[in-house]
Amino acid sequence: MAQDAIELLKADHEEVKGMLEELTSTTPQATKTRPELLQKIAKELKIHTKIEEEIFYPAFKNSGGADHNTMNYEAREEHRAVEALVLPDLEKTDPATDEFSGRAKVLKEMVEHHAEEEEESMFPVAKESFTTEQLEELGQQMAARKQELQAQM
């Protein structure tokens, strides 16, 4: 059976958190591993952000009132902070430095905070706002878009 939207997003969260855990446990000597891992993480984050912002967030925002709208914009701002600031900084940082370690830890903490907030606040509200069928339909749309994006990158 296909994953519903929330299951798909939670699975993405677990995958990225695992890779971030791996990245932050590396040392400055891991000059080959760090950039490779970071590249994978960046790709996963970009795909995850796109499917949330193109499919899940608009549906969520339209399914409720002011609280849905607020959660939608807060989540988008967290994406923007990671995509526009933290990730580009980390990608430009020498992997053989402690600065890289520090920035990787900040990225990990931001992503974990964002995932936790979605899982504890947004997803329970979404479960109440959508029918099982709607969540499955969103999940199918997101899975298809995710495959499309993976093929493009």
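The values are calculated or read from the model by the stated rules, or taken from the named source; none is laboratory data. As the structure is a computational prediction, the values presented were derived from the model and not from experiment. FYI the Cβ positions are ideal-geometry reconstructions off the backbone, even for glycines, and counts take in every protein chain you see.
Summary of computed values
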| read-out | value |
| --- | --- |
| Flag if P88 is in contact (Cβ under 8 Å) with a residue 12 or more places away in the chain and not small (G, A, S) | no |
| Identity of the residue in the stretch 48-80, among the polar types (S, T, N, Q) and surrounded by 14 or more Cβ atoms within 10 Å (Cβ to Cβ), that ends up nearest to the chain's Cα centre (by Cα) | T49 |
| Residues of the stretch 94-132 classified as surrounded by 14 or more Cβ atoms within 10 Å (Cβ to Cβ), free of Cβ contacts under 8 Å to residues at least 24 places away in the same chain and over 18 Å from L45 (Cα atoms), total | 1 |
| Count of the stretch 62-83 residues which are of a type outside the set (D, E) and within 17 Å of I47 (Cβ to Cβ) | 5 |
| From E77, E54, E83, residue being farther than 17 Å from F123 by Cβ and in contact with a Ser or Thr (Cβ under 8 Å, 6 or more places away or on another chain) | E83 |
| Helices (runs of 4 or more DSSP H) completely within the stretch 58-153 that count 3 or more residues being closer than 13 Å to A5 by Cα | 123-129, 132-152 |
| Residues of the stretch 1-12 satisfying the condition of being surrounded by fewer than 18 Cβ atoms within 10 Å (Cβ to Cβ) and either at pLDDT 95 or above or touching a Ser or Thr at 6+ places or on another chain (Cβ under 7 Å) (or both) | E7, K10, A11 |
| Set L87, L45, L37, L23: member being at pLDDT 95 or above, closer than 23 Å to A144 by Cα and either exposed (fewer than 14 other Cβ atoms within 10 Å of the Cβ) or not polar (S, T, N, Q) (or both) | L45 |
